[in-house]
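Following: one structure in structure tokens, then a few remarks.
The values are calculated or read from the model by the stated rules, or taken from the named source; none is laboratory data. Bear in mind that the values here come from a model prediction, so they are computed numbers and not experimental data. Virtual Cβ from ideal backbone geometry, glycine too; neighbours counted across all protein chains shown.
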Amino acid sequence: MNDAEKKFEAENGMSAAKAWDYVLKWSQEKKYGEAQKGCEEILRYFPEKQEARTLLEKIMEKQGIEIHDHAPQTVTPETAPDATQSKKKEQKNAQSRLSHFMKGIMTPQPPLPGMKMPSEEERVVGATCYFYLFAIIPLLLKRDSTYIQYHAWQGIVLTAMIMTFNGLIVSTLHGIGLRVIANLFTTLTIILYLAFMLMAYQGKWFRIPFVYVISEKLRKLF
């Protein structure tokens, strides 16, 4: 039993193999919410477990299909409401969806029974890993947290790629007078950083294309 397995069992009260059995059982019983949380908890300790990552992706796709399939159907009443009432109702629904979306972003998902999710400190520090070069600080100071190390390495590789891109492309665009396009790239970069910070604060193990492959090699190397 390696260190990750010992830590998993110590903190969750069960072995990783037993937890995986629960996840498979929940998936077969179509308890997708529990199965999703189980996959995320296992990947928190074993991010290299590809079968858990594959199952998680399938579960999320399945949930999306079910949500779409069970979307409420629009029924046309005999007497249709006037345009003003309809518009007010749409605005209210839009505000409700926005409020629910923001609550979902800022509120971490509850852990499975008997399992623990990243602590408040880990989630906050994990979010700072996507605050440009600040990822170096948790990388050096929080070496005992797999969650923080995972996001710190991703944040460093991401920042290195963005700095290289800015140096080669954005500065060239500024030089030839295409400042609008250069500013657009800068704005998109800020939006990406904010999105990654929010997902890390949620306690999620997400992979950034191209960045993840390099960051994982570096994390295992050091």
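List of remarks:
- Filter result (at pLDDT below 90 and in a helix (DSSP H, G or I)) within the stretch 122-135: TYR132, LEU133, PHE134, ALA135
- Pair list, Cβ under 6 Å, 6 or more apart: the stretch 151-173 residue free of Cβ contacts under 8 Å to residues at least 40 places away in the same chain, other residue of a type outside the set (A, V, I, L, M, F, W, C) and surrounded by 18 or more Cβ atoms within 10 Å (Cβ to Cβ): ALA152/PRO138
- Filter result for the condition that a residue is surrounded by 10 or more Cβ atoms within 10 Å (Cβ to Cβ), of a type outside the set (Gly, Ala, Ser), assigned by TED's automatic domain parsing to the domain that holds TYR22 and at pLDDT below 75, over GLN50, GLN63: GLN63
- All positions within the stretch 139-162 that are under 19 Å from ALA195 (Cβ atoms) and of a type outside the set (Ser, Thr, Tyr): ILE148, HIS151, ALA152, TRP153, GLN154, GLY155, ILE156, VAL157, LEU158, ALA160, MET161, ILE162
- Residue match in the stretch 147-165 (condition: surrounded by fewer than 14 Cβ atoms within 10 Å (Cβ to Cβ) and either of a type in the set (Lys, Arg) or under 28 Å from ASP3 (Cα atoms) (or both)): no
- Against the numbered list (1) farther than 23 Å from GLY38 by Cα; (2) surrounded by 13 or more Cβ atoms within 10 Å (Cβ to Cβ), GLU122 comes up short only at (1).
- Taking the stretch 145-219 as the region of interest, none of the helices (runs of 4 or more DSSP H) fully inside it holds 2 or more residues being within 23 Å of GLU40 (Cβ to Cβ) and touching a strand residue (DSSP E or B) at 6+ places or on another chain (Cβ under 7 Å).
- Residue in the stretch 190-205 that is polar (S, T, N, Q) and farther than 22 Å from ARG53 by Cβ present: no
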